[in-house]
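For reference, the structure discussed in these notes is given below.
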Amino acid sequence: MSPSLSAVDAALRETVAADGVHVVHVWAPWCDNSLNEHAPVWSDLARLGADSVTFVTVWNEGESGADTLAESGVTGVRELVVEGPKPEKPDRRLTLLGLPVSWIPTTWVFNRNGLLATAFNYGEVSAERLAEAVEGARSGW
């Protein structure tokens, strides 16, 4: 059984509070938009320069997306899985770290102080922009 939303939220809070720059990516294995980002953005995590990358799998019946990540060449990430089914559209909203998630994929970059530095929605993130956001968060913007 996957952890509850509150347990995932607590784990994320602990992660972003730790020293360093942290990337949190909210996605679902069945979501074409999420899958379209894998190879160009997430397959080479070393170039991002983040201290941690956490994928939060949502709206997938509480099932892990690790196999889908591996098939897409995304390795070396921590995955947290939120329990529960994909809700109907009017209710398809959740909150993580006090931030609304109403669209996936969503990517957040947290600075050394644990504060949100940059947020990307689908279509806004590229490997270059994400690396720039990580560097900006590290340098204190």
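The values are calculated or read from the model by the stated rules, or taken from the named source; none is laboratory data. Treat the numbers as computed from the prediction; the structure is a model and nothing was measured. Glycine gets a Cβ as well: all are built from the backbone with ideal geometry, and neighbour counts include every protein chain shown.
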For the stretch 52-71, the count of residues that are in a strand (DSSP E or B) and among the small types (Gly, Ala, Ser) equals 1
I'm told Phe110 meets every condition in (1) more than 13 Å from the chain's Cα centre (by Cα); (2) within 20 Å of Asp19 (Cβ to Cβ); (3) not β-branched (Val, Ile, Thr) except one. Can you identify the failing condition by its number? (1)
When Thr75 is run through (1) more than 16 Å from the chain's Cα centre (by Cα); (2) within 24 Å of Glu14 (Cβ to Cβ); (3) modelled with pLDDT under 90, the failure sits at (1)
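Being under 13 Å from Val109 (Cβ atoms), surrounded by 18 or more Cβ atoms within 10 Å (Cβ to Cβ), touching a residue at least 60 places away in the same chain (Cβ under 8 Å) and among the small types (Gly, Ala, Ser) narrows it down to one residue among Ala50, Ala28; which is it?
Values: Ala28 fails: under 13 Å from Val109 (Cβ atoms).
Every option except Ala50 fails the conditions.
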Here are some residues: Leu99, Leu69. Which one is surrounded by 15 or more Cβ atoms within 10 Å (Cβ to Cβ) and either at pLDDT 90 or above or closer than 23 Å to Ala10 by Cβ (or both)? Leu69
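For the condition modelled with pLDDT under 90, under 22 Å from Trp30 (Cα atoms), outside any loop (DSSP other than H, G, I, E, B) and out of contact with any Ser or Thr (no Cβ under 7 Å at 6 or more places or on another chain), what is the one hit in Pro85, Pro90?
Details: Pro85 fails: outside any loop (DSSP other than H, G, I, E, B).
Every option except Pro90 fails the conditions.
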